[in-house]
1. Measure nothing but the geometry: give the 0 to 90° angle between the long axis through the Cα atoms of 268-279 and the longest principal axis through the Cα atoms of the chain, rounded to 10°.
2. Could you state the angle between the C-alpha long axis of helix 62-71 and the longest principal axis of the C-alpha atoms of the chain, as a value from 0 to 90 degrees rounded to the nearest 10?
3. In degrees between 0 and 90, to the nearest 10, how far off the longest principal axis of the chain does helix 103-113 point, with axes built from Cα atoms?
4. How high is the relative contact order of region 245-333, in percent, counting Cα pairs under 8 Å that sit 6 or more residues apart?
5. When a footprinting reagent is the concern and you count Cβ atoms within 10 Å, what order do 307, 50, 240 take, fewest first?
6. Among DSSP beta bridges whose residues both lie in the chain, state the antiparallel percentage, nearest 5.
7. Arranged from highest to lowest average of other beta-carbon atoms within 10 Å per residue, in what order do the peptides 108-117, 225-234 appear?
8. What Kirkwood hydrodynamic radius do you get for region 272-315 when you take the inverse of the mean 1/r over all pairs of distinct Cα atoms, in Å?
Ligand code: WQD
């Protein structure tokens, strides 16, 4: 199939493009490099030995979008493009609402114009807010605690309304838990701008000597060892979940949400210990106060994706720790 991938040069996007090419799909990537690096395109070709079409630009450029659909018969769209930093969204809510919502509405308008009704949307477990029970199932109540998460929830609402207006829409809402790790080649991985907000990129920079020590945000949560528990999923497993999702939307109609996680919760200290053991390094850390907005524990019930997408995560926490470190070792200069 011919797949349009918005934000395909990004962390999850680039890993997904690799798996789409490996599955012999034709791929068109559109990206404005606002949170990604052009070198990734070369690495995708090196990894897969396959070519794809790349168009530089923003989804806010409606003429550009129109041309893409006018010149290509697209079967499915995977929509990654969007700002995704929780902390930044709290400081700059309008930037997030403007970029994430308007660009998605333009994309959907053009899809409708060219009768392309198959979509996999990059959503997030952040739409569950503070879960009332665990593991989290897709039918649990949704609420958000930051503008980034709210843009994801708003887009899910828009997509549900769209489907009610036209039965032809076939949409998968892919709710990612905590993607970490990198492709085994070490050529592509997570490269946050500036000081990393997320746990694994921070640990990796401590391990490579770029940062002095990890600050663990609180060890007084009601969890196994007091530190925060999350459902970490290898980014390659997540990418493969998208290949399953486009097959699903191409053969069904309606809107379905899917948890893309492992179903296993690991604490911050679990991750630190695994990382140290697998990579034979020491991660100095200091317990500090809780980070505002953090929840204690979050992990997925993954039975729906297994049943309906015939997909489940296969890589272990050791694979995630090993691949994350290998990427930075190969790219630290
Ligand atoms: C994980 C755990 C922290 C950094 C966020 C977004 C979510 C999604 C994934 C986009 C928590 C602890 C972290 C550090 C720490 N992004 N931690 N020291 O907050 O679960 O999810 O990223 O979709 O929307 O909310 O991920 O990696 O920031 O934190 O102790 O320097 O690690 O308290 O328990 P989070 P995270």
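Each reported figure results from applying straightforward, stated rules to the coordinates on display, with no laboratory input. Because the structure is predicted, anything quoted here is derived from the model rather than measured. Because the Cβ atoms are built from the backbone with ideal geometry, glycine has one as well, and the counts that use them run over all protein chains shown.
1. Its long axis makes an angle of about 90 degrees.
2. So the inclination is approximately 70 degrees.
3. For 103-113 against the chain, the angle is about 30 degrees.
4. Values: 55 pairs, mean separation 38.1, N = 89.
Over region 245-333, the number comes to 43 percent.
5. 307, 50, 240
6. Working: 2 of 41 bridges.
That works out to approximately 5 percent antiparallel.
7. So the order, starting with the most tightly packed, is 225-234, 108-117.
8. On the way: mean 1/r = 0.0694 Å⁻¹.
One over the average 1/r among Cα pairs gives 14.4 Å for region 272-315.
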